Every structure is written in C-alpha cells, then in structure tokens.
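As structure tokens, the structure follows; a few thoughts come after it.
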C-alpha cells in the first residue's frame with residue numbers, strides 16, 4: 001500500500017521553515033497539545049490524550065538546540081530524488097509484478 005498526499009503552501013520556503021521552527025505556532029496542529037510558556041528557545045506545555053477510558057495529561061518542557069534545514073535541500077532538489085544505494089533491507093518486500101526488475 002502506498003498512500004501519498006501532496007499540498008502546496010502559499011508561502012516561501014524560508015517563511016514556512018520559520019513557522020515550523022516555532023513549537024507554539026505548530027502545537028495547535030496536534031490534537032491535545034498546548035504550549036503554555038515560551039522563552040526564546042525554551043518551551044513548556046502539556047498534551048492531553050485518552051488511553052481507552054483513561055484520560056492522561058503529560059506535562060513537559062523542551063529546549064530547541066539545533067534545527068536541521070534538510071527540508072530546504074529536499075525542496076530545492078530538481079528532478080527525481082536519487083535512489084538509495086546499498087543492499088535492500090531484509091524487511092522490505094518487492095511489489096507484485098516487479099519480479100526480475
């Protein structure tokens with residue numbers, strides 16, 4: 001099974017990256033997640049989940065120490081992405097009709 005979903009973001013790559021870098025801006029995208037405090041790169045908040053009939057609340061804090069801009073490298077790629085090199089993982093299965101390719 002291969003599920004693919006694509007969408008366009010009406011913003012530049014730099015503006016989108018800046019938004020994804022701010023936990024307080026993306027937290028509303030995750031049901032139950034709430035950021036309660038922001039101080040520079042330090043964040044505090046909680047997430048509410050339901051485990052069967054039991055509601056749970058997890059409190060936590062995070063400090064963003066590094067951001068990986070790999071998204072920019074993939075977004076700037078022209079043409080198809082290169083195929084990975086090396087042996088096929090043992091857990092991988094070949095799709096039907098692909099034998100001998």
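Please treat every number below as a calculation from the coordinates, not as lab data. Being a predicted model, the structure only gives us computed values, none of them experimental. We place every Cβ from the backbone using ideal geometry, glycine too, and count neighbours over all the protein chains shown.
Listed values, structure above:
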| item | result |
| --- | --- |
| Fully extended contour minus Cα-Cα distance, from residue 16 to residue 50, at 0.36 nm per residue | 9.1 nm |
| Stretchable slack from residue 41 to residue 57, in nm (0.36 nm times residue separation minus alpha-carbon distance) | 3.5 nm |
| Ranking of 54, 26 by count of other Cβ atoms within 10 Å, fewest first | 54, 26 |
| Scaled radius of gyration (Cα, divided by 2.2 N^0.38 Å) that segment 32-74 gives | 1.58 |
| Stretchable slack from residue 25 to residue 8, in nm (0.36 nm times residue separation minus alpha-carbon distance) | 4.3 nm |
